[in-house]
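Report on one structure; see the data block that follows.
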């Protein structure tokens with residue numbers, strides 16, 4: 001029996017408000033709500049949909065919610081479910097970004113954020129450990145190593161790394177999938193979504209709004225290459241928005257990730273935080289609000305396009321050996337990229353200053369070493385890696401510890 005729109009709103013509204021803890025916790029919450037509690041999807045259908053969403057760029061949990069809504073109530077059900085998964089977290093991110101702009105420079109807030117930054121290092125290392133567990137033999141390790149050197153030392157753009165890894169996996173595998181599509185896609189719908197996705201680009205180009213045009217072009221590109229979760233593109237995003245565009249400082253980027261970890265919804269909402277901060281720096285609050293909105297628009301609208309275009313081909317895509325091999329190679333490359341992100345964050349947290357190296361990388365200024373930051377990172381590491389505590393619990397413990405250490409320093 002198909003649920004009503006009211007029931008769909010209730011279920012996915014609840015999921016959207018409670019989806020803390022990253023993709024694993026969000027997917028578990030969705031499985032409990034849609035499979036175990038309401039029986040709207042079978043376990044087999046749910047897992048098959050999850051495999052499909054992992055093939056796509058973008059946040060897999062949000063796309064899984066969109067697929068579930070599409071499966072239950074068609075296109076409008078998918079739009080409702082996907083939107084409800086994002087909106088609660090987006091509202092909170094707007095509020096946190098505003099508070100950060102107003103009070104982030106206060107000394108006590110700076111002390112507090114040192115503990116959050118230390119925790120972020122451990123969060124990224126935890127993600128690295130989980131994804132590295134999926135590597136398959138020496139080939140996976142080799143791909144990860146090449147990706148790390150390429151992005152950290154050489155500065156190869158992340159999209160090229162993903163493309164190269166995917167092609168390598170594709171051509172190494174053999175076989176094709178002959179499973180027919182479940183139902184025909186709707187070209188008119190796909191064209192409408194693609195047009196809405198590109199609309200801000202046309203508007204800002206025609207208006208000569210250089211900053212907003214650069215913003216939507218970059219985050220539109222990011223939406224296409226976000227394979228392997230948000231952590232996979234954070235190194236690329238950090239390099240671009242910090243070093244290339246200068247929209248946000250490295251410390252603020254680390255703070256943004258820490259705050260995004262505390263909100264419901266997908267972690268890629270960190271892009272919205274960056275948009276708000278960058279917009280405020282360029283033109284005050286009106287531009288900050290507009291930049292945050294358009295960043296959300298070009299980050300999440302493509303997710304609906306991928307789902308509505310690919311859902312009819314779910315069986316074919318999930319059973320295609322070449323696609324599976326390409327995805328495994330991309331996952332291996334993501335490990336190397338996340339390792340580079342870990343080093344980048346650690347150098348900016350452990351040292352007060354960094355300077356450019358001979359290549360694309362940066363080197364710490366040894367005289368600015370901050371032992372307090374190392375101590376706080378060690379405490380966060382014990383909590384998360386040693387005792388298995390979650391992000392919210394770890395941050396709740398780290399806040400008073402950080403303030404106490406700051407008062408004693």
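The values are calculated or read from the model by the stated rules, or taken from the named source; none is laboratory data. Everything quoted here is computed from the prediction, not taken from an experiment. Virtual Cβ from ideal backbone geometry, glycine too; neighbours counted across all protein chains shown.
For segment 9-23, what are the residues that are in a helix (DSSP H, G or I) and either touching a residue at least 12 places away in the same chain (Cβ under 8 Å) or surrounded by 17 or more Cβ atoms within 10 Å (Cβ to Cβ) (or both)?
Residues satisfying the conditions are 9, 11, 12, 13, 14, 15, 16, 17, 18, 22, 23.
Restricting attention to segment 24-50, report how many residues are over 29 Å from residue 396 (Cβ atoms) and either part of a loop (DSSP other than H, G, I, E, B) or under 18 Å from the mean Cα position of the chain (by Cα) (or both).
6
Can you spot a residue in segment 278-288 that is in contact with a helix residue (DSSP H, G or I) (Cβ under 8 Å, 6 or more places away or on another chain), at pLDDT below 85 and surrounded by fewer than 19 Cβ atoms within 10 Å (Cβ to Cβ)?
The answer is no; no qualifying residue exists.
Restricting segment 35-47 to residues that are buried (at least 16 other Cβ atoms within 10 Å of the Cβ) and in contact with a helix residue (DSSP H, G or I) (Cβ under 6 Å, 6 or more places away or on another chain), which is farthest from residue 61 (Cα to Cα)?
40
Looking at 141, 80, 99, which one is buried (at least 20 other Cβ atoms within 10 Å of the Cβ), over 19 Å from the mean Cα position of the chain (by Cα) and at pLDDT 90 or above?
80
What are the residues in segment 50-77 that are at negative phi and buried (at least 24 other Cβ atoms within 10 Å of the Cβ), if any?
Across segment 50-77, the qualifying residues are 53, 59, 60, 61, 62, 63, 64, 65, 66, 67, 68, 69.
Could we say that residue 265 is buried (at least 24 other Cβ atoms within 10 Å of the Cβ) and closer than 27 Å to residue 190 by Cβ here?
yes
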